[in-house]
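**Q** Below are the structure tokens for one structure; questions will follow.
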Amino acid sequence: MAKPPAQVAPGSAYNLVETKPPLPAKLGPRGAAMAATKMASTYDMVEPMKYLYVSVVKARDLPTMDVTGALDPYVEVKLGNFKGVTKHLVKNHNPVWRQTFAFSFANLQSNQLEVIVKDKDTIHDDFVGRVVLDVSDIPECIPPDSPLAPQWYNLSDAHGERFHHGHSLGEIMLAVWIGTQADEAFPEAYHSGAHPLSTAGLTNTRSKVYYSPKLIYLKVCVIGAKDLIGAENSKDPPVKPTIAKIQMGGQIRRTRAGQPPANPVWNDEFIFVACEPFEDPLVVTVEEKVAAGRDEPIGRIIIPVAANAPRNDLAKSVASKWFNLSRGMTVDEAAADVTTGTKHREHSKTFASKIHLKMSLETAYHVVDESTHYTSDLQPAAKKLRKSAIGMLEVGILSARSLGSNKNPYCVAKYGAKWVRTRTLLGTAAHAWNEQYIWEVFDLGTVITVAVFNNKNLDGHGDAKDERIGKVRVRLSALESDRVYTHYYPLMALTPGGLKKTGELHLAVRFTCTAWANMLAQYGRPLLPKMHYTSPISVLQLNSLRFLAMQMVATRLGKAEPPLRREVVEYILDADSHMFSLRRSKANFNRIISLFSGALAAGKWFDNICKWKNPLTTSLVHVLFLILVCYPELILSTVFLYIFLIGVWNYRRRPRNPPHMDTVLSHAELAQPDELDEEFDTFPTSKPGDVVRMRYDRLRSVAGRVQTVVGDLAMQGERAQSLLSWRDPRATAMFITLSFIIAIVLYVTPFRVVAVLAGLYLLRHPRLRSKQPSAPFNFYKRLPAKGDMLL
């Protein structure tokens, strides 16, 4: 009879796979010493990859190829079927290119390297001259060696002759060497797989390092205004309510209507997210509500953000100021004036109206742009308030597998303010980057995120969105110091069609501690800077500010060259984590159930003890209970000793691998298609009315069950309150009479006797128990609650 197929455990296809790659950092002392001769020590967490580098510097004395005497030279570097081409320079006999090409030894197809100089022409490019080098004669230059000095090479024709019609073919300056990815020329080199691309497309394939802009909270307190003049009559005060509108870029806030209209008092405080360098000014406009939905400006003041004083401490008070209001200037004109430093005096009229403001740049806060559950940076904006580093984080992005065909993948890693982007791998099924990066670590309660994308902008136009492949998070506090973790991390994509494994990412991670005392002391310090606790920001406002900060980071990084695209930044920063998801709600509910499972297991164990399911264990519990009652000073020491023993016992079962995204915990594999369709819907929804109605009815049913559970919990609490509230006069009289009797008994009876009697009563044999509920339980269930008072 055939055996039934073995059942696969849920989530087993998405587990980590530990690897043992031949990294210099894992070869031991002897192996590391041997590897040091082949690779720089700063690249000891990636596998060495050999490259043939060709640096085309310049040429001189190139001959004339056209009858006009002009020459538009460029260089073609060929190694087998791979070639790289420099830009062509118009009418230049002594061109300077300064371009470097890199050819991977893994794709070596020829033993000869050709460097050909050509003349750009409309119909056919003319051959000028070439240099042919044998690959076996090219020297190796491995860091920390100094860069190889370029040399002049004579150009020759196809037959090896240096002269053509009695004229020299000129010379070209080249530097040719064999190196690794640790070479300083590696990031800026044109790689062999990317050589056929255009210059714009080639820019989007290079490895780069980015830094998030410095974000600061700008706090604005609008106190009031005086001597305002109405919008309809420039001489009389306003008769309708007045408000103040504060705008900085796309951030707009409005005060409530102030009274009296001519001298309103608001005392409203707002927080904006500012980004250095400060481009958008602060525009404060006082408006009169002349009609429903119609506000007319009656005065405006433009304040550069940089003019506000930074505040590093709550104890440092900020002085309020009166500002003159102007009329007749639009917001765009005012912004242009702040940018250029000019003033439109010819149509901006200053009059007696003033506004009272208090503003400060709150540099003692950390501007949150990530989810607080897995943030990578907790430092305040002010540099002098930042703590010293406690260690270094090194990450080697080695390779990826099972990404599928026709993928041009690249990785983006983010930790703190530093973002790194690997080069894009083109035209290869063996996806290997072997790039290593390093970060300073200031707090162990942080997470590094590494995401993989498919480059869709190789044409240089930048219109398409790069495809998400998956991402990995690694929490630093789960890493042992000085240990190199090498694993294949599963890459997952949750789509409306369900959970899909899109590949695996091979990473090497190492945390090195440089300040043990500071690292251990951090566990007793607050997670966020002090200002978050002395002057806290509400959770709702913090989420709103986080969204604004994320948009600013995405905008600034999108202006870099090459740009770090908006969809990349939003994916790593989890821009949609605040959206409702029924799947996440179920996952969080299961987390709560799991959290209380320990207490439920302890209650079940105690119930088994009380019912004498195991007489030996119950007898031992009796003995332990009597010892603790006789010697109560041993209770605390016994509890902490028990905690210590549990921790020591669990040490042998400690996690050996860093935590990763858990599909079972996330409820990803069990999610229904309609739940995923709702999760990936736009906001506001783009679905037809019947689908929205179905979702609404489902949400009502779920909310009804939650409502019932909350009502039951409230009922239990209200019953406890009714013990002394005299809502049930007989129950309250019985309870206080019994309390009085118990108080007298406890006064005259030693505590140890009471404890022994109570303990023995709880642990009594099942033959001495009744199957009916106890009298105290029945009494509590009969107490009144407020459920009958609800409509």
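**Q** Just going by the charge dipole of the chain, with Lys and Arg at +1 and Asp and Glu at -1 on Cβ, which of Leu393, Val273, His532 is farthest out on the positive end?
**A** His532
**Q** In addition: Just flag the GluC sites (Glu not before Pro) in the stretch 91-198 sitting in loop per DSSP whose Cβ has no more than 16 other Cβ atoms within 10 Å.
**A** Numbers: sites: Glu114, Glu140, Glu161, Glu171, Glu184, Glu188; in loops: Glu161, Glu184, Glu188.
Taking the stretch 91-198 and a limit of 16 other Cβ atoms within 10 Å, the loop GluC sites (Glu not before Pro) found are Glu161, Glu184, Glu188.
**Q** Which aspartates and glutamates, if any, have their Cα less than 16 Å from the Cα of Lys781, not counting same-chain residues under 8 positions apart?
**A** Cα-Cα hits under 16 Å: Asp712, Glu718, Asp728.
**Q** In the full protein assembly as shown, how much of Thr122 is accessible to a 1.4 Å probe, in Å² to the nearest 10?
**A** 130
**Q** Report the charge-dipole magnitude of the chain in Debye, nearest 20, computed about the Cα centre from +1 at each Lys and Arg Cβ and -1 at each Asp and Glu Cβ. Could the numbers behind the result be given before it?
**A** Numbers: 95 positive and 75 negative charges, 858 e Å.
That gives the chain a dipole magnitude of about 4120 debye.
**Q** Between the stretch 56-118 and the stretch 240-308, what is the separation of their alpha carbon centroids in Å?
**A** Computed from Cα coordinates, the inter-centre distance equals 60 Å.
**Q** Per residue of the stretch 481-492, what does 6.51 cos²θ - 1.76 cosθ + 1.60 with θ = phi - 60° give for ³J(HN,Hα)? Whole Hz please, x for Gly and Pro, Karplus curve as stated.
**A** Whole-Hz 3J(HN,Hα) from phi for the stretch 481-492: 5, 6, 9, 9, 9, 10, 8, 8, 9, x, 9, 10.
**Q** Any idea what angle helix 331-340 forms with the longest principal axis of the chain, computed on alpha-carbon atoms, 0 to 90 degrees, nearest 10?
**A** Approximately 60 degrees, to the nearest ten.
**Q** What percent do you get for the relative contact order of the chain when only Cα pairs under 8 Å and 6+ apart count?
**A** Numbers: 1387 pairs, mean separation 81.6, N = 791.
Relative CO of the chain lands at 10 percent.
**Q** List every residue whose amide H lies under 5 Å from the amide H of Gly503, counting only residues 5 or more places away in sequence or on a different chain, with H placed 1.01 Å from N in the peptide plane.
**A** Counting only residues 5 or more places away or on other chains, the set is Leu491.
**Q** I would also like to ask the following. In percent, how large is the relative contact order of the stretch 522-647, given Cα pairs closer than 8 Å and 6 or more residues apart?
**A** Working: 26 pairs, mean separation 11.5, N = 126.
RCO, the stretch 522-647: 9 percent.
**Q** Here's something else I'd like to know. Determine the order of His765, His622, His124 by accessible area, beginning with the largest, at a probe radius of 1.4 Å. Can you show the working numbers first?
**A** Numbers: His765 75, His622 30, His124 125 Å².
Descending accessible area places them as His124, His765, His622.
**Q** To continue, here is another question. Using a probe of 1.4 angstrom, how much of the accessible area of the chain is carbon and sulfur, in percent? Could the numbers behind the result be given before it?
**A** Numbers: 26000 of 44080 Å².
The computed percentage sits at 59.
**Q** With every protein chain kept in the model, how would you rank Ser577, Ser136 by accessible area, 1.4 Å probe, largest at the top?
**A** Numbers: Ser577 40, Ser136 95 Å².
In descending accessible area the options line up as Ser136, Ser577.
**Q** Let me ask something else about it. Given the protein chains as shown and a 1.4 Å probe, how many square angstrom of His461 are accessible, to the nearest 10?
**A** 130
**Q** With r as the distance between the Cβ atoms of Ser535 and Gln259 and R0 = 30 Å, compute the FRET efficiency 1/(1 + (r/R0)^6) and round to 0.05.
**A** Numbers: r = 28 Å, r/R0 = 0.94.
Efficiency computed from Cβ-Cβ geometry: 0.60.
**Q** Under a cut-off of 20 Å between alpha-carbon atoms, report the aspartates and glutamates in cross-link reach of Lys20, not counting same-chain residues fewer than 8 places apart.
**A** Lys20 reaches Asp44, Glu47, Glu394, Glu435, Glu480, Asp482, Glu504.
**Q** Another question about this same structure. Let me make sure I get this right: for the stretch 243-336, a, b and c are the square roots of the gyration tensor eigenvalues over alpha carbons, sorted descending. Under 1.5 in a/c it's rounded, otherwise prolate if a/b > b/c, else oblate. Which is it?
**A** Numbers: a/c = 1.95, a/b = 1.35, b/c = 1.45.
The shape class here is oblate.
**Q** DSSP loop trypsin sites (Lys or Arg not before Pro) in the stretch 231-320 with at most 13 other Cβ atoms within 10 Å of their Cβ, which ones? Walk me through the numbers before you get to the answer.
**A** Numbers: sites: Lys235, Lys245, Arg253, Arg254, Arg256, Lys289, Arg294, Arg300, Arg311, Lys316; in loops: Lys235, Arg256, Lys316.
Of the trypsin sites (Lys or Arg not before Pro), the ones in loops of the stretch 231-320 whose Cβ has at most 13 other Cβ atoms within 10 Å are Lys235, Arg256, Lys316.
**Q** Can you give the accessible area of Trp152 in Å² (nearest 10), computed on protein heavy atoms with a 1.4 Å probe?
**A** Taking all protein chains as shown, Trp152 has close to 80 Å².
**Q** What order do Ser156, Ser146 take when sorted by accessible area (1.4 Å probe), most exposed first?
**A** Numbers: Ser156 20, Ser146 90 Å².
So the residues, ranked largest to smallest area, are Ser146, Ser156.
**Q** Let me ask something additional. Would you list, by chain and number, the aspartates and glutamates whose Cα falls below 19 Å from the Cα of Lys219, excluding same-chain residues fewer than 8 positions away?
**A** Lys219 reaches Asp268, Glu269, Glu276, Glu279, Asp280, Asp313, Glu362, Asp369.
**Q** Let me have the relative contact order for the stretch 129-277, percent, based on Cα pairs under 8 Å that are six or more residues apart.
**A** Numbers: 200 pairs, mean separation 27.4, N = 149.
Once divided by the residue count of the stretch 129-277, the mean separation gives 18 percent.
**Q** Which shape class applies to the stretch 674-791: rounded if a/c is under 1.5, otherwise prolate when a/b exceeds b/c and oblate if not, where a ≥ b ≥ c are the square roots of the Cα gyration tensor eigenvalues? Walk me through the numbers before you get to the answer.
**A** Details: a/c = 3.81, a/b = 2.48, b/c = 1.54.
Cα axes put the stretch 674-791 in the prolate bin.
**Q** For the chain, take the longest principal axis of its alpha carbons; what is the angle in degrees between that and the long axis of helix 689-721, to the nearest 10 within 0 to 90?
**A** Tilt relative to the chain: about 40 degrees.
**Q** Based on the alpha-carbon gyration tensor of the stretch 480-562 and its eigenvalue square roots a ≥ b ≥ c, which shape applies: rounded if a/c is under 1.5, prolate if not and a/b is larger than b/c, or oblate?
**A** Working: a/c = 1.88, a/b = 1.09, b/c = 1.72.
Cα axes put the stretch 480-562 in the oblate bin.
**Q** Kindly report the accessible area of the chain per residue (heavy atoms of protein chains, probe 1.4 Å, no ligands, DNA or RNA), in Å². Write down the numbers at each step before the final one.
**A** Details: 44080 Å² over 791 residues.
Per residue, the chain has an accessible area of 56 Å².
**Q** Given Lys83/Lys118; Lys58/Lys91; Lys471/Lys559; Lys471/Lys500, which pairs have Cα atoms separated by over 18 Å?
**A** On the way: Lys83/Lys118 14 Å; Lys58/Lys91 14 Å; Lys471/Lys559 24 Å; Lys471/Lys500 13 Å.
Beyond 18 Å between Cα atoms: Lys471/Lys559.
The values are calculated or read from the model by the stated rules, or taken from the named source; none is laboratory data. These figures come from a predicted structure and were not determined experimentally. Positions of Cβ are backbone-derived with ideal geometry, glycine not excepted, and every protein chain shown enters the neighbour counts. Surface accessibility is based on the protein's heavy atoms, side chains included, excluding ligands, DNA and RNA. Shrake-Rupley method; radii C 1.70, N 1.55, O 1.52, S 1.80 Å.
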